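The values are calculated or read from the model by the stated rules, or taken from the named source; none is laboratory data. Everything numeric in this text was worked out from a predicted model, so none of it was measured. Cβ: placed from backbone, ideal geometry, glycine included. Neighbour counts: every protein chain shown.
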Amino acid sequence: MKRNVPIVMALVIMLGVIGMVWAQDDEGPMSNLRFVVVRDSDGKPVRNAEVVLHPVKRKGKQAQGEMELKTDPEGKASVDGIPYGPLRVQVLAPHFQTFGEDYEVNKPEMEITVKLKHPGGQYSIYENHGDDKKPQ
């Protein structure tokens, strides 16, 4: 009986894998996404940028679960098997403003180019901005 345990375990694993494949087929069409992250100022690639994908439910609320990718030295990252529908994309990289936008995944292949900006200066109420009006 103990000799059959590995065979039974292998069958259970195979059935689980087959079930996952069938479940993916039931989810509907899937897309292969490619991301290109570049600097807004000169178009050079941003390596090691973090690309975070969030599924979006109705009314624009984020659904449970997220996926994180990192860009390569050419500023590229990719993922296959993303279901059609709304997807929130956030891109984070040191020394750049955080990027965030919602996309509608509706094609078998999609490429999304993200242009990251350097942070702007901080606005202070204590500085003279030239547009101040003196009280009368």
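In the set (1) among the hydrophobic types (A, V, I, L, M, F, W, C); (2) without any contact (Cβ under 8 Å) to a residue 40 or more places away in the chain; (3) farther than 20 Å from ASP40 by Cβ, PHE99 fails one condition alone, (3).
For the stretch 87-96, residues that are surrounded by fewer than 17 Cβ atoms within 10 Å (Cβ to Cβ) and closer than 16 Å to VAL36 by Cα total 2. State all residues of the stretch 32-47 that are surrounded by 13 or more Cβ atoms within 10 Å (Cβ to Cβ) and either modelled with pLDDT under 95 or assigned to a loop (DSSP other than H, G, I, E, B) (or both); if no residue qualifies, say none. Of everything in the stretch 32-47, those that are surrounded by 13 or more Cβ atoms within 10 Å (Cβ to Cβ) and either modelled with pLDDT under 95 or assigned to a loop (DSSP other than H, G, I, E, B) (or both) turn out to be ASP40, VAL46, ARG47. Do you know which of the residues in the stretch 48-86 that are closer than 19 Å to PRO108 by Cα and loosely packed, with under 11 Cβ neighbours inside 10 Å is modelled with the highest pLDDT? Result: ASP80.
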